[in-house]
Amino acid sequence: MTYRKKSVAIAATVTGAVVALGTAPAIGGPHAASNLIATPKFAVTITWSGHGHNRTANMVVNGPKTVSAGRVAISLHGIGGEVAVDVVRLKSGYTYKQAVTDFNTFGASFGPQGPSAAGLRALRRVVHNVTFFGGPDTGSLSHERATVVLPKAGHYLIINDSNQGPTGQARKLTVTPKVGNRATPKTTASVRAITAKRFRGSLTLPASGTIKFTNTSTTSPHFLVLQHVKEGTTRKQVITSANSNSNGPPPFAMTGDAAIDVVSMGRSMTLSYKLPAGEYAEMCYFPDLQTGMPHAAMGMVRIVHLQ
């Protein structure tokens, strides 16, 4: 639920396999093998069909309908374009249909001065009533893998978040109380989103491997886009592009991006991907809860390298 234009090329219009690289130390490691139980696995395929305004993304989820609390693994395959899933939990009395309506209300409320007051109220209702545990977003890739942690028993949804926001498709998931430990994927880099709408963590990430993303913000959900850019591109250039009215790709944009879908405050997940080595911009386009402005346009951009 991001109302996003996630590549640098179009952002301005809105103003796990585990691979250890080299000798880099792992960030987090598995529990003792004798204490582990199997990690539930979900294979999600989302296929685009149709053209123009009639283009739709259909989701098929293969995996259990009931799991115990703890870490679960999601393998995402996109056919026909960028796709995304997120695992969410709704507050009692707030339905997924209401969440979709509220987010679409926010998206439709944009005018020359940004979103309307009613649109911002709808956005804040979503954030107040929905906990986002994260999920993979393929970007320019066709496959990604992720793990997310479902902390306690209850009813959850795996949602299709492929169309700049929720499509309305969701797979129900019943979570029972925790019964054991599951392996924590080895990661070679970490990225943190902080309350000040900035990224922190590793300046060098794997080009092919697994990273950990944590939202340590106390005020807002965030997500992470890794966008390949020309060597020497500056943070200021990316922020300027995010604030421009240009519909075309900026001159620094290069092919190659991957992303993590929305993660609520205090939650973390892992993402496994394979991208070209080089310079990348870390960006978040989740809308500000007071103004609706994409976080990247407010400075939530960091330049890192993948190798």
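Before moving on, here are some points about what is shown:
- Cβ-to-Cβ counts within 10 Å put His155, His51 in ascending order as His51, His155, the fewest first.
- Calculated SAXS-style log₁₀ I(q)/I(0) at q = 0.10 Å⁻¹ - the chain, Debye, Cα scatterers: -0.51
- The tail of the calculated P(r) for the stretch 183-243 beyond 14 Å holds 65 percent of all Cα-Cα pairs.
- Residue-averaged 222 nm ellipticity for the chain, from DSSP H runs of 4+ at -39500 (n - 2.57), nearest 500: -3500 deg cm²/dmol
- Intensity falloff of the stretch 220-307 expressed as log10 I(q)/I(0), Debye formula with alpha-carbon point scatterers, at q = 0.16, 0.23, 0.25 Å⁻¹: -0.65, -1.22, -1.34
- When the inverse distances between all different Cα atoms of the stretch 99-148 are averaged and flipped, the Kirkwood radius reads 12.7 angstrom.
- If the chain linking Thr174 and Asn35 were pulled fully straight, counting 0.36 nm for each residue of separation and taking away their Cα-Cα distance, it would gain 47.7 nm.
- Gain upon complete extension [Ser142, His51; 0.36 nm per residue less C-alpha separation]: 30.8 nm
- Full-stretch length increase - Asn181, Asn163 - with 0.36 nm per residue and alpha-carbon distance subtracted: 3.0 nm
- Within a straight-line Cα-Cα reach of under 20 Å, Lys186 can be paired with the following lysines, leaving aside sequence neighbours fewer than 8 residues apart in one chain: Lys41, Lys212, Lys274.
- Under 17 Å from Lys236, Cα to Cα: lysines that are on another chain or at least 8 residues apart: Lys197
- Listed by chain and number, the aspartates and glutamates whose C-alpha is less than 19 Å from the C-alpha of Lys65, apart from same-chain residues fewer than 8 away, are Asp86.
- By the count of neighbouring beta-carbon atoms within 10 Å, fewest first, Arg55, Arg171, Arg200 end up ordered Arg55, Arg200, Arg171.
Rule-based calculations on the coordinates, nothing more; no lab input. Model, not experiment: these values are computed from the prediction. Ideal geometry is used to build each Cβ from the backbone, glycine not excepted, and the neighbour counts take in all protein chains shown.
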